[in-house]
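Report on one structure; see the data block that follows.
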Amino acid sequence: MRKRSDNPSTDIVMFLKLLTSINFKRLGVTFASIFGLIWLFLEPAGIFLPEWLNWGWRGYIGLTLFSLLCTIALNLPRKSVCRSLSSPDSTVEIKVGDLFDEPGHLVIGANDVFDTEPGEVIKPSSVQGQFLTRMYHGDHRRLDTDIDVALEPLKAERKRESGRKKGKFWRYPIGTTLVLGLPDRRYFLNAYGYMGNDLKVESTADDIWRSLSCLWEQVRLKGHGLEVAIPVIGSDLARTNLPRMTLTKLIVISFIAASKKDFVTEKLTVVIHPKDLDSVDLYALKDFLDSACF
């Protein structure tokens, strides 16, 4: 069952974060553009219709206020940005929210040994930890069983890691993607990082790109075109040293590249957790989508 937040205080905090994320330079540029565009048409019109456009200071103040209102309307705090691809018929959305509230299929980032044990191995606050808690009710043995079944055809690709003292010992190639769940609600477990013997996950931009390429192929084959939601994989505990903005753009570019080859899904939603709002700029991501979704 999907659990939606009904805590008003959480929504208020999110709105305040969105409000403080407004770029005042962007406001200034927008205001100047609107004011200047209107003035560009009014100035020559005043030559031919002086009796209609002789507003004086009242007109100037009115134009300023109108431009200001348009600027505010165009830059209201937003929780999502969405654009359609010109080809194929797919949509890309970047939004602030809870991954597990999203409809359709979910992508769950994983390490190359597909650890599930909560605590020191898998942090409860991570997406993997929440997946275990919310989708498997904390029963990591049942999750292990499902993972083992999905890994059965891939035994020839695995390598045993002898130096680990905790967690699992069989390593699989980066990009290995397991498909769990039912046809209308798949969970794509995607291995994007190496779990070290010190229980720290490491990954690179190349690893992320490779894992995403493999992910889109599995979504194409087993997602039946239904929408897919993905977190900003590679952030927090993955030690990629890449900011969330870069990772978000990498996910979108990878999806667009895969979609240009062949249809993947009707909609991809990249979900940013509210606690990460301080490290992303939704307005910059809007501009990025405008330029990327051609």
(message) Suppose each label sits 7 Å from its Cα in the direction of the beta carbon; what would the Ser162-Val29 distance come out to in nanometres?
(response) 5.8 nm
(request) Anything over 24 Å Cα to Cα? Flag those among Lys79/Lys267; Lys168/Lys222; Lys155/Lys222; Lys95/Lys200, in the order listed. (result) Lys168/Lys222; Lys95/Lys200
(message) Would you work out the Kirkwood radius for the range 235-290? I mean one over the mean of 1/r across all pairs of different Cα atoms, in Å.
(response) 12.6 Å
(message) Given a Förster distance of 45 Å, report the FRET efficiency between Asn241 and Leu37 from their Cβ-Cβ distance, rounded to the nearest 0.05.
(response) 0.60
(request) Return one quarter of the surface area of the convex hull spanned by the alpha-carbon atoms of the range 130-239, equal to its mean projected area, in nm². (result) 7.4 nm²
(request) Could you bin all the Cα-Cα distances of the range 80-292 into 10 Å bins starting at 0 and give me the percent of pairs in each, rounded to whole numbers? (result) 8, 36, 39, 15, 2, 0
(request) Evaluate the Debye formula for the range 111-195 with equal point scatterers sitting on the alpha carbons, no solvent, and hand back log10 of I(q)/I(0) at q = 0.10, 0.17, 0.22, 0.26 Å⁻¹, in q order, two decimals. (result) -0.23, -0.69, -1.18, -1.58
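Rule-based calculations on the coordinates, nothing more; no lab input. Predicted, not measured: the structure shown is a model, and the values here were computed from it. When we count neighbours, we look across all protein chains shown, and the Cβ atoms used for this are built from the backbone with ideal geometry, even at glycine.
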